[in-house]
Number of protein chains: 2
Amino acid sequence: MSATGIAQLPEPPYYAVIFTSQRTAGDQGYDAMSDAMVRRGSSQPGFLGLESVRGADGVGITVSYWRDLESIRQWKEDAAHQQAQAAGQAKWYAHYEVKIAKVERAYSMV
Amino acid sequence: MSATGIAQLPEPPYYAVIFTSQRTAGDQGYDAMSDAMVRRGSSQPGFLGLESVRGADGVGITVSYWRDLESIRQWKEDAAHQQAQAAGQAKWYAHYEVKIAKVERAYSMV
């Protein structure tokens, strides 16, 4: 994640993983695992950037950006990430949705 | 936006507009315009759903989902939305990034 919370990205095309979630109550080790997964994910081959926001109501949107589908597949299968995914389903999330999307166009406020 | 804050969507393919922003300080009419744009955008042809979260640091991610690129183009050119975009650049946002992406695959927590 950049210092500003808005990712600096190359020109499209690239891929986005849109992860929308509703947290359960209480931390239950979530913050530490989330920080660890941000660090680990950011060092994966093909990782381009990350934007992540959670509101006071527990709904969060995390968008990670990747060079290609193969990079996304490898990160999904990473052993530590698999453990985090299992714990996420067991205790941290009431619900989540994942979307994999090809970014075709991007522009900024000028 | 659904009652849960997580959009209910059809099977892919469809399109996502990922809007990541940093708000300026103070409301300056933002909340009222934001609510109006959510209502207006949600009634546009081709609109499928919306997910929107802003954190305490003023960084926000809004993802709107659309049937096709033509629906996105028409909403971008909507007259009231154009006024909101101009005000957004002039006073509400310190910075924003827009990405247009084709959702190829989606899955939920089971």
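Things to note:
- Taken together, the residues in region B:77-110 that are among the basic types (K, R) and surrounded by fewer than 16 Cβ atoms within 10 Å (Cβ to Cβ) amount to 2.
- Condition check for B:A94: in a loop (DSSP other than H, G, I, E, B), under 23 Å from A:I6 (Cα atoms), touching a strand residue (DSSP E or B) at 6+ places or on another chain (Cβ under 9 Å) and hydrophobic (A, V, I, L, M, F, W, C): no
- Taking each residue of region A:82-110 that is at the interface with another protein chain (Cβ under 10 Å from one of its Cβ atoms) and looking for partners that are part of a helix (DSSP H, G or I) with beta-carbon atoms closer than 7 Å, six or more apart or interchain, yields A:I100/A:I72; A:M109/B:Q89.
- So B:A56, is it among the aliphatic types (A, V, I, L, M) and part of a loop (DSSP other than H, G, I, E, B): yes
- Cβ separations smaller than 9 Å between residues 6+ apart or across chains give the following pairs from region A:7-19 residues that are more than 9 Å from chain B (Cβ to nearest Cβ) and free of Cβ contacts under 8 Å to residues at least 40 places away in the same chain to residues that are in a loop (DSSP other than H, G, I, E, B) and of a type outside the set (G, A, S): A:P10/A:R67.
- The lone criterion from (1) at pLDDT 95 or above; (2) loosely packed, with under 13 Cβ neighbours inside 10 Å left unmet by A:S2 is number (1).
- Some residue of region A:26-46 being touching a strand residue (DSSP E or B) at 6+ places or on another chain (Cβ under 6 Å) and over 21 Å from A:E77 (Cβ atoms): no
- When A:R54, A:R67, A:R40 are checked against the criterion of being surrounded by 15 or more Cβ atoms within 10 Å (Cβ to Cβ), over 21 Å from B:K102 (Cα atoms) and in contact with a Gly (Cβ under 8 Å, 6 or more places away or on another chain), a single residue qualifies: A:R54.
The values are calculated or read from the model by the stated rules, or taken from the named source; none is laboratory data. If you're wondering where the values come from, they're calculated on a predicted model, not measured in any experiment. Neighbour counts are summed over all protein chains in view; Cβ atoms, including those assigned to glycine, are modelled from backbone coordinates with ideal geometry.
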